[in-house]
C-alpha cells in the first residue's frame, strides 16, 4: 500500500512563508543487496518528486538509493493565492503516486 | 532483511564481546530490579530529531501503518465477511486502553496471549479468515492502530492471579544467561542501562512504544522482533514468533513497565 501523507496549513496569510511536509510509504530497495542465495535484489526506489502550486512547479527533487525508506521531504514556499498543491512521486517498476492539498490564502 | 543488518550484526557481536569484558570488570550490583522511579523509556535517550519524529504524527513514518490499520479495521474480510468495526465499532472508544493491558490471560489457551495473538484470534474465530503472520504489513498495521488508541495511558497489566506464574517465567527468561555470549537480558538492561555498547546506548528495554518504527529496520516492527534481535545479538537461537517464551517475556516486560506511559507507535534508533 503506497500512501502519501501531506501536511500543510489549511489557512495562511498572503505573503507568508510556510512549510510543506510530505511523507510516502516506499521500501527504497537500493539494488545493492543480494539474497542469501546470491541473487541481486533489483533496485526499487522513488526516483523523482515534484510539487506544483496552482500548476506552477515550485519544488523538484531527484532521489537516489542512499535515501532511506518512506522518504520524508519538507520544503518552504510563499503563500500567493488560494488554490491547490499537487504532489507527484515517480519511481522504478512504474511507480507513480499523486496527492493534492488545498490551501486558503487570506 | 535490513540492508544494514549484516554490518550491524558484526558491530553488535564485537561490541557484545567487549562489553562482556567491561561488565565483568565493572561488576555492578547484580540482579536488582530497577527502582520504579528510576525507570525511563527509550524515548528519553533519543536524539532531538528522533524525538521530533515521534512527537509529530505527520513526520512519524509509523503513521503510514496506523492509517493502513484504520482502513483494515473497516474492511470486511474472511468467510464471515465481517470487519473489525462491525463488532467493535469505533476503535477510538472500544480499543482505548486495550493495548495497555496486554498480554492478557486467555482461558481457552490457559496462557497469556499478546495483542497480535488476540487480533489473530478475532480473525480466525470471528472473521473466519487465516491468521496474519507476525511482521506482516497488515498485522503490524492493525496492532499499531489498536495500540495507538492507548497512547498516553498508563501501562496497566491485568491484576489476574492466573498470570503470576507466567510473569515469573518471563522474569526467569530475562535473568537467565543465554547464547555463546552467555549473558542475560538483565545484565544489560537492569545492571548496565545508560552505558554504551559500542555506539549504542543500552536502554532499559521498556516495551512502551511497540510496534515501533525502528530507523535501523527502516520499518515498523513488533516487540517480539526486538526481543529476537537481542537474542541473536547474544548468539542465542531466538524463540520463534508467537512462542510462549516470547509472550512470557513480553508479559514480564509490561509488568516491569507498569505505570509508565504507552507511546505507541514510538520511534527508536
Selection from the stretch A:17-40 of residues that are in contact with a strand residue (DSSP E or B) (Cβ under 7 Å, 6 or more places away or on another chain) and more than 9 Å from every other protein chain (Cβ to nearest Cβ):
A:17, A:18, A:19, A:20, A:22, A:26, A:34, A:40
Only one of (1) more than 13 Å from chain B (Cβ to nearest Cβ); (2) not in a strand (DSSP E or B) fails for residue A:60. Which number is that?
(2)
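Being closer than 26 Å to residue B:51 by Cα and modelled with pLDDT under 95 narrows it down to one residue among B:139, B:220, B:197; which is it? Show your work before the answer.
Working: B:139 fails: modelled with pLDDT under 95; B:220 fails: modelled with pLDDT under 95.
Only one candidate passes the filter, namely B:197.
Given the residues A:44, A:62, which is the only one that is surrounded by fewer than 14 Cβ atoms within 10 Å (Cβ to Cβ), closer than 16 Å to residue A:24 by Cα and modelled with pLDDT of 95 or more?
On the way: A:44 fails: surrounded by fewer than 14 Cβ atoms within 10 Å (Cβ to Cβ).
Unique residue meeting the criteria: A:62.
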Odd one out for residue A:48, checked against (1) under 25 Å from residue B:220 (Cα atoms); (2) in a strand (DSSP E or B); (3) within 14 Å of another protein chain (Cβ to nearest Cβ):
(3)
Just one of the numbered conditions (1) outside any helix (DSSP H, G or I); (2) surrounded by 14 or more Cβ atoms within 10 Å (Cβ to Cβ) is not true of residue B:167; which one?
(1)
So how many residues does the stretch A:66-106 have that are under 30 Å from residue A:42 (Cα atoms), part of a loop (DSSP other than H, G, I, E, B) and over 15 Å from the mean Cα position of the chain (by Cα)?
1
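Yes/no matrix, rows are residues, columns are (1) outside the structural domain of residue B:219 (by TED's automatic domain parsing); (2) more than 12 Å from residue B:254 (Cα to Cα):
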| position | (1), (2) |
| --- | --- |
| B:98 | yes, yes |
| B:107 | yes, yes |
| B:111 | yes, yes |
| B:114 | yes, no |
| B:132 | yes, yes |
| B:139 | yes, yes |
| B:144 | yes, yes |
| B:164 | no, yes |
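The values are calculated or read from the model by the stated rules, or taken from the named source; none is laboratory data. All figures in this text were calculated on a predicted structure; none of them were measured in a lab. We place every Cβ from the backbone using ideal geometry, glycine too, and count neighbours over all the protein chains shown.
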